[in-house]
Amino acid sequence: MESFQWGVAGAAYQIEGAHDADGKAPSIWDDFCRKPGNIEDGTSADIACDFYHRYEEDIELARAAGFKHFRMSISWPRVMREDGLPNEPGIAFYSSVLDALEKANMTPCVTLYHWDLPSSLQTADMPGWMSPKIVDIFVEYATLCFTRFASRVPMWITFNEPAVFVFGGYQGGWNAPGIKQSVAEALVAMRHVLLAHAKVVALYRARFQLGEKTGKIGITLNTRHYTPVDASDVAAKGAQQMLEDRIASWSDPVLFGDFPSSFKATHAGNLALRLSQSEQETLRGSIDFLGINYYTTSGVEEAGGSSWKIVDLGEASGASWLRSYPSGLLLLLRWLSGRYPGLDIVITENGFCTPANDPEPIKDDVRVRYYQDHTRVVKEAVAEGLPLRGYFAWTLLDNFEWAGGYKERFGMVHVNFEDEALARTVKSSYRWWQNFLEQNA
Ligand code: GBH
């Protein structure tokens, strides 16, 4: 496991707080949280973990755990003003974070977009990712980030979980900006995200990739494995169809330049899925690695005739969508490297949820077990020769879990949100990582 990257991941909106500090403009998540009913416990991330002011202490926690890689995101409305000019104090913040990481001997992995679109880009005239104008506006934002930070950041991710903010934000409505419309309509946003990704990667490769092309850029997809639980052909076909619909619908475009034929058949006639020759060319091969966030697996079972259904597998957590099923990770990695031979894969998130009302939050044995089981699979995958290059645990701190508010905890460090001091206390899982990383250094 010589050069394998062990890291810890987080995202700006979930931890930074300081929602209006130093010229930061509002984001669609600031707005979404203000609307009653959107967030389970009625909270927001106005303060969150106050990482904005405590990043030194928190980076020290990550360092002392033994992590050598640190995944973070840049908040677009913190670094770019509504008039498009740089917001220097916001840029200075990330610059200080990078300084602290350098001092701590940790390598940054930076996500450009982890869901906090500037509010000024989501209006009646400018409908966010639904507008074709967003493509070039995202390129401008990325240009600013690369100009200021590319020389210090060897690993970039354009988008975190595009399916979640596209379909959650522009179809289901449970994610910002909270728009409810048909899947067919939301595919327009999917198209724009893919085109924005491809353009930003072309820009990075042409102008910013570090000397000797050591800098890498990729995309991170939300994934789960879909695994047949019976031996029927129907279940096998159902599982394959789900994997293509949920994962390959994003990874095929950035690797092959076009959507899977099954996806095009499902949405037959939808113009958003028609890519021109030149769009296909910019998309094709537009990642140096594929980032996957893996948390869970679903079973697929024959349900009579030619129909199949999704069933729960594995051990329950504090979030209904997340059940621990470690072997699904290995199956998913095999499926991905079968479809995309030679492609480098990085697990950019993996972690377990416990409820906020857990009577013993510090003694998070279930999380220890989850990390044990999943890191074992990581080692198996590497031993098997699968091109898995890194693993990032989600996450260092208990934080703002989007629509789940503060009710769902993923941290290896407890944060006391009941008290202004926001005290950090390491959990058993933190100590487990410390020990694990010492042995695997
Ligand atoms: C990731 O999302 C995010 O990147 C990260 O910010 C987040 O904190 C972390 O994982 C933990 O959740 O409709 O029942 O599926 C994970 C994918 C997709 C899981 C949306 C929750 C909503 C509930 N998420 N899903 S459901």
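The values are calculated or read from the model by the stated rules, or taken from the named source; none is laboratory data. Just so you know, these numbers come straight off a predicted model, no measurement behind them. For neighbour counting, all protein chains shown are included, and Cβ atoms are generated from backbone atoms with ideal geometry for every residue, glycine included. Quick note on the areas: whole protein, heavy atoms, side chains included, nothing else; ligands and nucleic acids left out. Shrake-Rupley method; radii C 1.70, N 1.55, O 1.52, S 1.80 Å.
A few remarks follow.
- Loop-resident chymotrypsin sites (Phe, Trp or Tyr not before Pro) (DSSP state other than H, G, I, E or B) in the stretch 253-343 with no more than 16 further Cβ atoms inside 10 Å of their Cβ: Trp321.
- At full extension, Ser306 and Gln280 could sit 5.9 nm farther apart than now, given 0.36 nm per residue minus the alpha carbon distance.
- Entry note, the chain: relative contact order of 17 percent, from Cα contacts under 8 Å with a spacing of 6+ residues.
- The apolar share of the surface of the chain, taken as the fraction of accessible area on carbon and sulfur atoms (1.4 Å probe, ligands and nucleic acids excluded), comes to 50 percent.
- Taking all protein chains together and rolling a 1.4 Å probe, Met126 ends up with roughly 20 Å² accessible.
- Averaged per residue, the stretch 1-106 has 40 square angstrom of accessible surface, using a 1.4 angstrom probe with ligands and nucleic acids left out.
- Under-5 Å amide H pairs with Val8, H placed in peptide plane, nonlocal only: His69, Phe70, Arg71, Ala393
- Surface accessible to a 1.4 Å probe, Leu117 within the full protein complex, Å²: 0
- Overall form of the stretch 1-88 per C-alpha gyration tensor (a/c, 1.5; a/b vs b/c): prolate
- For Lys216, the residues whose amide H sits under 5 Å from its own are Met155, Trp156, ignoring neighbours fewer than 5 places away on the same chain, with H placed 1.01 Å from N.
- Straight-distance crosslink candidates among lysines, where the alpha carbon sits under 24 Å from Lys407 and sequence neighbours closer than 8 are dropped: Lys35, Lys363, Lys427
- Of all lysines in the structure, the ones whose alpha carbon falls short of 28 Å from that of Lys264, not counting any fewer than 8 places away in one chain, are Lys133, Lys180, Lys199, Lys237, Lys309.
- Distance between the modelled labels on Gln240 and Trp321, one decimal in nanometres: 2.7 nm (7 Å Cα→Cβ projection).
- For Lys35 and Ser428, a Förster radius of 25 Å and the Cβ-Cβ distance give a FRET efficiency of 0.10, rounded to the nearest 0.05.
- HN-Hα J in Hz across the stretch 99-112 - Karplus 6.51, -1.76, 1.60, θ = phi - 60°, x for Gly and Pro: 4, 4, 5, 4, 4, 7, 6, 10, 9, x, 10, 10, 8, 6
- Exposure ranking of Val139, Val346 by accessible area [1.4 Å probe, largest first]: Val139, Val346
- A cut-off of 5 Å between modelled amide H atoms, ignoring neighbours fewer than 5 places along the same chain, links Lys133 with no other residue.
- Contour excess over end-to-end distance, with Cα ends at Thr214 and Ser262 and 0.36 nm allotted per residue: 13.7 nm
- R0 of 25 Å, Cβ-Cβ distance Glu60-Glu418: FRET efficiency to nearest 0.05: 0.60
- Ranked by the mean number of other Cβ atoms within 10 Å per residue, highest first, peptides 128-135, 65-72, 34-41 order as 65-72, 128-135, 34-41.
- What the phi angles of the stretch 318-334 give under the Karplus curve with 6.51, -1.76 and 1.60, with θ = phi - 60°, is a coupling list of x, 10, 4, 7, 10, 10, 6, 8, x, 5, x, 4, 5, 5, 5, 4, 5 Hz, glycine and proline written as x.
- Euclidean distance of C-alpha centroids, the stretch 1-59 and the stretch 113-173, integer Å: 16
- Between the stretch 372-441 and the stretch 181-230, the C-alpha centres lie 25 angstrom from each other.
- Take the stretch 157-239 with all the other protein chains still there, run a 1.4 Å probe, and you get 36 Å² of accessible area per residue.
- Within the chain, percent of DSSP bridges classed antiparallel, to nearest 5: 30
- Within straight-line cross-link reach of Lys379, lysines at Cα separation under 18 Å, skipping those fewer than 8 residues along the same chain: Lys68
- Ordered from highest to lowest accessible area with the whole protein assembly present and a 1.4 Å probe, Leu203, Leu194 read as Leu203, Leu194.
- In the stretch 162-225, the trypsin sites (Lys or Arg not before Pro) that fall in loop regions by DSSP, at most 15 other Cβ within 10 Å: Lys180
- DSSP-loop GluC sites (Glu not before Pro) across the stretch 375-433, with at most 14 other Cβ within 10 angstrom: Glu384, Glu418, Glu420
- Per residue accessible area of the stretch 299-415, 1.4 Å probe, in Å²: 37
- Scalar couplings 3J(HN,Hα) for the stretch 38-47, obtained by applying the Karplus form with A = 6.51, B = -1.76, C = 1.60 to θ = phi - 60°, are 6, 10, 3, 9, x, 9, 8, 10, 3, 10 Hz; x denotes Gly and Pro.
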